[in-house]
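Worksheet for the structure shown next.
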Amino acid sequence: MTLPNVAYFSMEIALDQSLSTYSGGLGFLAGSHMHSAGYLGLPMVGVTMLWSYGYYDQRIDSEGNVEVAYTRKQYDFLTDINVTVDVKVFGEDAKVKVFKVEPELFGACPVYLLTTDIPENSEEVRKISHKLYDGDEKTRISQVIMSVGGVRALQAAGVNFDIIHMNEGHALPAAFELLNQTQDFNKVKEMTVFTTHTPVAAGNEVHWVDTLLEGGFFSGLPRHQAVELGGENFSLTVAALRISRMANAVSQLHGLVANKMWEWVEGRCPIRAITNAVNLHHWQDKRINAQKTDEELLAAKREMKQELFEYIADTTGKRFDPDVLTITWARRFADYKRAWMIFMDKDRITKLLNENKVQLIFSGKFHPDDTMGREMFNNILKHSYNLKNVVVLPNYELKLSALLKKGTDVWMNTPLRPFEASGTSGMSANMNGALHLSIYDGWAVEGTFTGLNGYTVNYPGLDDDISWEERHWKDYECIMGMIENDIIPTYYSNKAKWATLMRNAIKTSEAYFNSDRMVIEYYNRIYKPIAKGGAEEGDDTSDVKIAENPNLDAWTFSNIK
């Protein structure tokens, strides 16, 4: 059977530090998808935006607080394929110019980049491709509509595709453009697949249908048909589930949660679970597998820690000790990820810090309009000024992420279960011999086994209906108990066991959490399913509790039913 040609649409794709077309985990995942498709020689292309200012640059100001800054990027390594297409956005004609990332540049499959930031357009149109995830609703909708330009760009460039893969709901207008061209809903449905990445509200956008109509979101689809697909308060996720042949969640637990979460959606496609993964060839340090003995492995990790600590000293002025247990929390600063958890009993962690038992590193970005995320970042930043052995590193991007994963001993993940759909950062940390210390959520349910290759927080009543405050304290006590009673004694007093844990973490990530496996699984189960038709075992709903959280309103959908 001939493999289908796949066009992978994503608002962000992280191919290389030099190309600022990503914000965080979604982009990292998309980048691994592109790298593995290129490595395996699979018939796939990527489609994304060329953001003139990237996401944003994160800096620390003179008052010691985080600030958001923007720097225009200049790229001289992209191929101008001499293709420009027209897209009407909010009644205005937008010229969309197309550039290409050649496969040999970063070892990925071909990726096409769209920009409206050209002289032929008005200032209003040019700013559509200025900033990733712009907070202005009209600009944000216009950015989403650019997936219409992606379809037209591929067609103008002579790129054939059999499947449109919508990586999150941002690519939904691509399906409407195909519907406009074919006037055949079943044909569009047959060639469209969809990945849902998160149960939280920010990842499941909702806009008033008339605003979307005004913007050109539906490519001529009548209002009543748009409402049938996504509701008057139009849900991109709901419509994507109805217009796709197949959808997938990004871990086995998330598959259960997503099926339960969207079970009310009539006419939705099956949601299968394909666990995220990261690209081994991109993320793993070559030194990690070159060591034969425990002593050599531990020495290689110490060397990588020294390299990270040189960066920390140069950036912050703090000097860390490569012989001290180093724990890193690095990911998006969103409330449900609970960066603050380890400071819930400040005296308890301060004792370990002052005794040089642990060193703590924090890094990550928040959305520029997320005041809670900014406040969380600044609060931990203040802790780093007042506490020994604590540092916060701004501007978390590909290079810093790699440096952290290579140079840390323990990669800590503290989400509020079950809101962490996957949490892939721990996979690439594992590939570099860092142990995963995680709440029993996301991919940790499948790949982190306490005492074998890391540590997970799992206890009786894990999904009981209890208050958020009680849940936070319960999780905190488990995390600290593991650090004090298992991790610290093993790290300092049983180096042979620590080295075994490291080797097991490396082997586990190489065996299953390599994106080469993930992309092959997409081909076999989503792009060209070996077994077409209904849902598979494991795609059904579960008894995982989903409760209403005042800070995480994605669980309540009455406004879009």
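Nothing in this text is a laboratory measurement; each read-out follows from the coordinates by a stated rule. Source: prediction; values computed, not measured. Cβ atoms come from the backbone with ideal geometry, glycine included; neighbour counts cover every protein chain shown.
Assigning unit charges at the beta carbon (Lys, Arg +1; Asp, Glu -1) and nothing else, what dipole magnitude in debye, to the nearest 20, does the range 254-378 show about its Cα centre? Present the calculation step by step, with values, prior to reporting the outcome.
Numbers: 21 positive and 19 negative charges, 49 e Å.
Taking the Cα centre of the range 254-378 as origin, the dipole is about 240 debye.
Using only Cα atoms and rounding to the nearest 10 degrees, what angle (0 to 90) does helix 495-512 make with the longest principal axis of the chain?
Rounded to the nearest ten degrees, it is 10.
Is the range 62-117 best put as rounded, prolate or oblate by its Cα gyration tensor, with a ≥ b ≥ c the root eigenvalues, rounded for a/c under 1.5, and otherwise prolate when a/b is larger than b/c, oblate when not?
Details: a/c = 3.06, a/b = 1.27, b/c = 2.40.
Oblate shape, in that a/c is at least 1.5 and b/c is the bigger or equal ratio.
Out of the range 213-311, which chymotrypsin sites (Phe, Trp or Tyr not before Pro) are coil in DSSP terms and have no more than 15 other C-beta atoms within 10 Å? Provide the component values of the computation, followed by the final result.
Working: sites: PHE217, PHE218, PHE234, TRP262, TRP264, TRP283, PHE309, TYR311; in loops: PHE217, PHE218, TRP262, TRP264.
Sparse-neighbourhood loop chymotrypsin sites (Phe, Trp or Tyr not before Pro): TRP264.
Which of the residue pairs LYS382/LYS497; LYS260/LYS382; LYS131/LYS406; LYS95/LYS528; LYS292/LYS399; LYS286/LYS318 have a Cα-Cα distance greater than 32 Å in the structure shown? Mind showing how you got there, number by number?
Working: LYS382/LYS497 36 Å; LYS260/LYS382 40 Å; LYS131/LYS406 30 Å; LYS95/LYS528 34 Å; LYS292/LYS399 27 Å; LYS286/LYS318 28 Å.
Cα-Cα > 32 Å for LYS382/LYS497; LYS260/LYS382; LYS95/LYS528; rest within.
Could you compute the FRET efficiency for SER493 and ASP464, with r as their C-beta to C-beta distance and R0 at 30 Å, rounded to 0.05? Working shown, then result.
Details: r = 35 Å, r/R0 = 1.18.
Calculated transfer efficiency: 0.25.
Starting from the Cα of LYS346, draw a straight line to each of the aspartates and glutamates and keep only those under 17 Å, dropping any in the same chain fewer than 8 residues away.
Once the sequence-local aspartates and glutamates are set aside, what remains near LYS346 is GLU355, GLU469, ASP475, GLU477, GLU484.
So for the pair ALA157, GLU484, with labels modelled 7 Å out along Cα→Cβ, what separation do we get in nm?
5.6 nm
For the range 306-458, evaluate the Debye formula with one uniform point scatterer on each Cα (no solvent term) and list log10 I(q)/I(0) at q = 0.08, 0.14, 0.17 Å⁻¹, rounded to two decimals.
For the range 306-458, the Cα-only Debye profile gives -0.20, -0.65, -1.00.
Compare the Cα positions of VAL87, SER36, VAL457 along the charge dipole of the chain (+1 at Cβ of Lys, Arg; -1 at Cβ of Asp, Glu; about the Cα centre) and return the one farthest towards the positive end.
About the Cα centre, the residue reaching furthest to the positive side is SER36.
Considering the alpha-carbon set of the range 74-172 alone, what are its Rg and its Dmax in angstrom?
13.5, 39
Tally Lys/Arg at +1 and Asp/Glu at -1 over every other residue whose Cβ is under 12 Å from the Cβ of GLU295; what's the total?
On the way: positive: LYS292, LYS301, ARG302, LYS495; negative: ASP294, GLU296.
Around GLU295, the surrounding residues sum to +2.
Rounded if a/c is under 1.5, else prolate if a/b beats b/c, else oblate: with a ≥ b ≥ c from the C-alpha gyration tensor eigenvalues square-rooted, which is the range 389-533? Provide the component values of the computation, followed by the final result.
Numbers: a/c = 1.66, a/b = 1.24, b/c = 1.33.
Here the range 389-533 falls in the oblate category.
Measure nothing but the geometry: give the 0 to 90° angle between the long axis through the Cα atoms of 294-316 and the longest principal axis through the Cα atoms of the chain, rounded to 10°.
70 degrees
State the Cα centre-to-centre distance between the range 196-211 and the range 392-433 in whole Å.
For the range 196-211 versus the range 392-433, the Cα centre distance is 26 Å.
Arrange CYS109, CYS269, CYS478 by Cβ neighbour counts within 10 Å, fewest through most, would you?
Details: CYS109 24, CYS269 20, CYS478 17.
Going from least to most buried by this count: CYS478, CYS269, CYS109.
Against the longest principal axis of the chain, how steep is helix 25-40, in degrees 0 to 90 to the nearest 10, with axes from Cα atoms?
The helix 25-40 is inclined about 80 degrees to the chain.
Any chance you could get the radius of gyration and Dmax over the Cα atoms of the range 1-131, in Å?
Cα radius of gyration and Dmax of the range 1-131 are 16.2, 62 Å respectively.
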